[in-house]
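The block underneath contains the structure these notes are about, expressed in structure tokens.
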Amino acid sequence: MAYDERLARFRQAHLNPFNKAPEEQQERPDGAAPPPRWVLTPPRPTLPHGGGWAGGPSPPHGAHPLPAPRPDPSPGDPEGALDLGLAEDHFSRPVGLILASDVQQLRQAIEECKRAILALPEHSERQKDAVVRLIHLRLKLQELKDPGEDEPNIRVVLEHRFYKEKSKSVKQMCDKCSTIIWGLIQTWYTCTGCYYRCHSKCLPLVSKACVRAKVSHQAEYQLSICPESGLDSQDYRCAECRAPVSLRGVPSEARQCDYTGLYYCSSCHWNDLAVVPARAIHNWDFEPRKVSRCSMRYLALMVSRPVLKLREINPLLFNYVEELVEIRKLRQDILLMKPYFITCKEAMEARLLLQLQDRQHFVENDEMYSLQDLIDIEAGRLSCSLTEIHTLFAKHIKLDCERCQAKGFVCELCKEGDVLFPFDSHTSVCTDCSAVFHRDCYYDNSTTCPRCARLSLRKQSLFQDSGTEAEL
């Protein structure tokens with residue numbers, strides 16, 4: 001019967017370890033230790049006859065004693081938590097679970113999380129988990145500040161044409177508030193004209209007109225090298241947003257734009273680097289300089305526009321830069337080849353002139369240059385590419401196409417040699433009739449051009465014939 005009672009007490013304690021049997025919770029009157037508890041195990045071979053357990057009655061077959069029950073753990077006892085299998089905090093909130101529902105609660109949770117990170121040991125797992133929780137809290141706060149309601153795909157602000165972006169990249173910066181654009185949770189727009197980027201919440205705050213409009217209305221460079229006028233002329237304010245600035249950095253650092261010479265605040269001047277046209281034209285200096293955001297966008301839109309007439313701005317530049325002289329000669333030859341291609345069916349079908357589609361002004365004149373042309377000339381890229389195109393064009397006219405070969409010239413001064421073309425290096429072209437001669441023959445002969453003389457005689461004969469018919 002004693003075994004059955006012990007088995008019942010064991011089963012009750014096993015099913016609910018928090019509830020103890022009444023007789024275990026009471027002290028024994030004689031102060032003796034409670035009898036041992038037994039748990040059944042798989043049957044094992046029986047002991048030899050006469051064997052038994054010392055110090056008490058024989059246990060049932062296949063049982064061994066359990067350790068004496070330990071006292072109830074106190075609520076704050078860590079050993080008791082380990083005893084009950086509660087060493088881990090199973091009842092706390094997961095790291096990613098955020099119960100704060102408004103901005104104030106989130107900010108309070110962020111501050112508490114910061115303090116916890118500083119208090120925890122460095123490089124520990126708990127500190128890493130706290131950092132992850134801080135990131136989740138900040139993302140949630142940003143999401144509450146910029147709700148993801150449906151925004152229009154196109155918005156027009158101060159001549160900016162903003163389109164909603166679908167990219168989820170987080171590497172963009174807002175040009176208005178100078179903060180990161182979190183593409184995963186924020187709505188942001190990009191101007192298709194000047195590539196101005198900003199949050200949807202910053203659109204009503206945009207105060208600078210689109211630079212594309214300025215390029216369309218006034219496509220010209222500032223050709224004075226850093227025309228500084230001083231902070232006092234700006235009333236110690238940013239040239240764009242009118243925020244207070246000073247050279248000492250209080251309240252905001254004044255940053256000078258090397259293109260305009262004006263001073264800007266750190267929100268309007270991000271220390272972007274760009275080649276300044278005035279330094280390139282006057283000093284042949286292509287080292288990038290610090291410019292404001294507005295100037296950077298303007299220079300980026302103007303870099304490929306042929307608005308620089310070097311012969312008028314700085315004619316002495318051709319005396320010091322040999323590459324410019326070479327490029328000018330190649331451009332003049334290409335202009336002489338253009339009439340052949342326009343009247344040649346094979347050249348039109350092969351679209352040879354499309355070789356210069358990125359530099360359309362090269363087939364229109366030989367005087368205008370873009371800033372990108374000067375950059376490529378200084379780097380040596382333009383000379384190589386233009387020489388290859390010149391060789392391709394000359395090969396078509398002189399070797400591949402019979403129609404273009406038939407439009408060549410024979411020197412009428414010596415009447416010897418091969419067929420001549422106006423773009424050959426050893427030829428000279430008459431400025432009046434465009435006839436082509438050998439250079440040596442043209443300068444050695446002091447008489448007039450034979451073709452010009454022949455054309456003048458023909459005009460005189462035609463005039464005399466018309467006068468005779470009028471008298472009759």
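In table form, for the structure just shown:
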| item | result |
| --- | --- |
| Close pairs from the range 99-120: first under 14 Å from Arg133 (Cβ atoms) and open to solvent by 90 Å² or more (accessible area, probe 1.4 Å), partner at pLDDT below 90 and not hydrophobic (A, V, I, L, M, F, W, C), Cβ under 9 Å, at least 6 apart | Leu99/Arg93; Leu99/Gln105 |
| Gln222 vs. criteria outside any helix (DSSP H, G or I), open to solvent by less than 30 Å² (accessible area, probe 1.4 Å) and polar (S, T, N, Q) | no |
| Any hit, the range 304-312, residues being open to solvent by less than 20 Å² (accessible area, probe 1.4 Å), free of Cβ contacts under 8 Å to residues at least 60 places away in the same chain and outside any helix (DSSP H, G or I) | no |
| Where Leu247 falls short, out of the listed (1) in contact with a Pro (Cβ under 7 Å, 6 or more places away or on another chain); (2) without any contact (Cβ under 8 Å) to a residue 40 or more places away in the chain | (1) |
| Residue match in the range 292-299 (condition: within 23 Å of Leu386 (Cβ to Cβ) and either crowded, with 19+ Cβ neighbours inside 10 Å or in contact (Cβ under 8 Å) with a residue 12 or more places away in the chain (or both)) | no |
| Residue under evaluation Leu399, criteria (1) open to solvent by 90 Å² or more (accessible area, probe 1.4 Å); (2) free of Cβ contacts under 8 Å to residues at least 12 places away in the same chain; (3) within 54 Å of the chain's Cα centre (by Cα); (4) over 17 Å from Asp333 (Cβ atoms), criterion not met | (4) |
| Only listed residue being assigned to a helix (DSSP H, G or I), of a type outside the set (Val, Ile, Thr), closer than 29 Å to Lys214 by Cα and at pLDDT below 90, chosen from Gln355, Gln360 | Gln360 |
| Given (1) in a helix (DSSP H, G or I); (2) in contact (Cβ under 8 Å) with a residue 60 or more places away in the chain, number of the condition Glu388 does not satisfy | (2) |
| Which numbered condition Cys174 misses (of (1) at pLDDT 80 or above; (2) under 23 Å from Ala239 (Cα atoms); (3) open to solvent by 60 Å² or more (accessible area, probe 1.4 Å)) | (3) |
| The one condition in (1) open to solvent by less than 30 Å² (accessible area, probe 1.4 Å); (2) under 22 Å from the mean Cα position of the chain (by Cα); (3) modelled with pLDDT of 75 or more that Gly193 fails to fulfil | (3) |
| Subset of the range 313-342 (residues that are part of a helix (DSSP H, G or I) and of a type in the set (S, T, N, Q)) | Asn319, Gln332 |
| Unmet requirement for Ala239, which otherwise passes all of (1) farther than 27 Å from Arg305 by Cα; (2) open to solvent by 20 Å² or more (accessible area, probe 1.4 Å); (3) modelled with pLDDT of 80 or more | (1) |
| Candidates Glu367, Glu412, Glu349, Glu378, filtered to the one that is farther than 30 Å from Leu310 by Cβ and open to solvent by less than 100 Å² (accessible area, probe 1.4 Å) | Glu412 |
| Matching residues in the range 141-164 - criterion: being touching a helix residue (DSSP H, G or I) at 6+ places or on another chain (Cβ under 6 Å) and either modelled with pLDDT of 75 or more or part of a helix (DSSP H, G or I) (or both) | Leu141, Leu144 |
| Residues within the range 415-450 that are open to solvent by less than 70 Å² (accessible area, probe 1.4 Å) and assigned to a loop (DSSP other than H, G, I, E, B), tallied | 11 |
| Single residue of the range 185-197 satisfying the filter (among the hydrophobic types (A, V, I, L, M, F, W, C) and touching a strand residue (DSSP E or B) at 6+ places or on another chain (Cβ under 6 Å)) that is nearest to Val215 (Cα to Cα) | Cys191 |
| Count - residues of the range 276-291 that are in a loop (DSSP other than H, G, I, E, B), open to solvent by 20 Å² or more (accessible area, probe 1.4 Å) and closer than 29 Å to Lys176 by Cα | 2 |
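The values are calculated or read from the model by the stated rules, or taken from the named source; none is laboratory data. Owing to the predicted nature of the structure, the values given are computational and were not obtained by experimental measurement. Reconstructed Cβ throughout: ideal geometry from the backbone, glycine too, with neighbour counts over all protein chains shown. Just so you know, the surface numbers come from the protein's heavy atoms only, side chains and all, with ligands and any DNA or RNA stripped out. Shrake-Rupley method; radii C 1.70, N 1.55, O 1.52, S 1.80 Å.
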